[in-house]
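One structure below.
The values are calculated or read from the model by the stated rules, or taken from the named source; none is laboratory data. Worth saying up front: this structure is predicted, and the values here are computed from it rather than measured. For neighbour counting, all protein chains shown are included, and Cβ atoms are generated from backbone atoms with ideal geometry for every residue, glycine included.
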Amino acid sequence: MSGPPSRLIDSFLGLYDELARHLRRRTSSGERAEDAVQDTYLRLLDARSSQGEIRDERAFIYRVAGNLAIDAARRDQRSAGDGEPDPSLPDQAPGPEHQALAHDRLRQLDRALRELPPKARLALLLFRVEGLSHAQIARRLAVSESMVAKYIGQAMRHCRDRLSSPRR
């Protein structure tokens, strides 16, 4: 590594023990906590060259470490579910009747969405499917945030009414 250590790295080194204790409590695993602390250091080294103004270095370091600990926990959860299914357990796959009912319900939802005005449909899909905030949707649709809330509410009520009414 070239160049002098940054203030961010100096802050990290000063917080090392405190951060490791915090992550051990948070993860309930000394090994996972140590991995997260090391990953934090590497991430901070990468951030040195691209860092803008960081107002609170301690908060930034804790945020990076916390996010890395969460990422590691999610990776562990995913990898724990990668094993072969236990043959002694009953098959958890939905049966044909359940699949047919779910497919019919999906067709009803699709029909209800197609009945919506274009902006209300788009606002609902951007919010529920894409996970955009009201502010992001408002910018994309060139409307106010309160209008986005109205569009989403209108769309949700319409879909709820269509799905709860008897089939047509």
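What the table shows:
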item: Qualifying residue in the range 109-119 (condition: crowded, with 17+ Cβ neighbours inside 10 Å and either of a type outside the set (Lys, Arg) or not assigned by TED's automatic domain parsing to the domain that holds Tyr151 (or both)); result: yes
item: Conditions (1) over 25 Å from Glu18 (Cβ atoms); (2) modelled with pLDDT of 75 or more; (3) not hydroxyl-bearing (Ser, Thr, Tyr): number failed by Glu84; result: (2)
item: Scope the range 130-168; condition farther than 30 Å from Leu101 by Cβ and in a loop (DSSP other than H, G, I, E, B); matching residues; result: Leu132, Ser133, Ala142, Val143, Ser144
item: Every residue from the range 120-168 that is under 23 Å from Leu106 (Cα atoms), exposed (fewer than 15 other Cβ atoms within 10 Å of the Cβ) and among the small types (Gly, Ala, Ser); result: Gly131, Gly153, Ser164, Ser165
